[in-house]
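The values are calculated or read from the model by the stated rules, or taken from the named source; none is laboratory data. Because the structure is a prediction, the values reported are computed rather than measured. Heads up, the Cβs are rebuilt from the backbone with ideal geometry, glycines too, and the neighbour counts pull from every protein chain shown. For accessibility, only protein heavy atoms count, side chains too; no ligands or nucleic acids. Shrake-Rupley method; radii C 1.70, N 1.55, O 1.52, S 1.80 Å.
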Amino acid sequence: MTRPPTVTVLAGAAFTLLEIVLALAILAGALAALGEVLSLARQNARVTQEETVGSLLAASVMAELVAGTRESTEVDHAQLPIETQPPWLHTVEVQATNFDGLLLVRVTVEQDMPEEQRPVSVTLARWVLDPEFVAERASLAENTSDR
């Protein structure tokens, strides 16, 4: 007696259409999530770069004030002399302190753009010597040395 030929089916050897569609859906979801992560990373990098530029500009204005190349008078939203888009504005506030000869100088640098676009703003505060106090002390020292 001869046996009829048998057909051997390899269970699990081939993908079904349902498995392929499911794998493609998972891949599409992962790519969409990855695209969103990359977009957020790009946006955060831009904001960080603008904050760095603002910090450097504020430090530059403060250095000019401390060095005496810029007068330590109050300034309100004056444009900085650099060509950037959007332009940068700076504000200088000078306040007396409880200590003779010291002033609190606050420099704020911000982008000139509408609030809806979330402009970057950086503030730097520092105690500096009052130029009038220094000049007065130098004058007193000069007068006492002449005697």
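At-a-glance table
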{"item": "Any pair with Cβ under 8 angstrom, 6 or more apart, that starts in the range 73-100 at a residue that is basic (Lys, Arg) and ends at one that is open to solvent by 50 Å² or more (accessible area, probe 1.4 Å)", "result": "none"}
{"item": "Subset of the range 102-117 [closer than 23 Å to residue 59 by Cβ and not β-branched (Val, Ile, Thr)]", "result": "102, 103, 104, 106, 110, 111, 112, 113"}
{"item": "Elements of type strands (runs of 3 or more DSSP E) in the range 43-147, at least 2 residues being polar (S, T, N, Q)", "result": "88-96, 102-111, 121-129"}
{"item": "Count of residues meeting criterion [over 11 Å from residue 126 (Cβ atoms) and without any contact (Cβ under 8 Å) to a residue 40 or more places away in the chain] in the range 57-72", "result": "6"}
{"item": "The lone exception for residue 131 - which of (1) under 18 Å from residue 71 (Cβ atoms); (2) touching a Lys or Arg at 6+ places or on another chain (Cβ under 9 Å) it fails", "result": "(2)"}
{"item": "Tabulated pairs, the range 126-139, first free of Cβ contacts under 8 Å to residues at least 40 places away in the same chain and closer than 22 Å to residue 63 by Cα, second among the acidic types (Asp, Glu) and open to solvent by 100 Å² or more (accessible area, probe 1.4 Å), C-beta under 8 angstrom, 6+ apart or interchain", "result": "133/100"}
{"item": "Lone unmet requirement of (1) surrounded by 11 or more Cβ atoms within 10 Å (Cβ to Cβ); (2) at pLDDT below 90; (3) hydrophobic (A, V, I, L, M, F, W, C) for residue 141", "result": "(1)"}
{"item": "Candidate set from the range 95-115 (those that are open to solvent by 60 Å² or more (accessible area, probe 1.4 Å) and among the hydrophobic types (A, V, I, L, M, F, W, C)); member that is farthest from residue 126 (Cα to Cα)", "result": "99"}
{"item": "Those residues of the range 42-94 which are loosely packed, with under 10 Cβ neighbours inside 10 Å and of a type outside the set (D, E, K, R), in sequence order", "result": "67, 69, 73, 81, 85"}
{"item": "Of residues in the range 53-85 being among the β-branched types (Val, Ile, Thr) and farther than 21 Å from residue 135 by Cβ, the one farthest from the chain's Cα centre (by Cα)", "result": "75"}
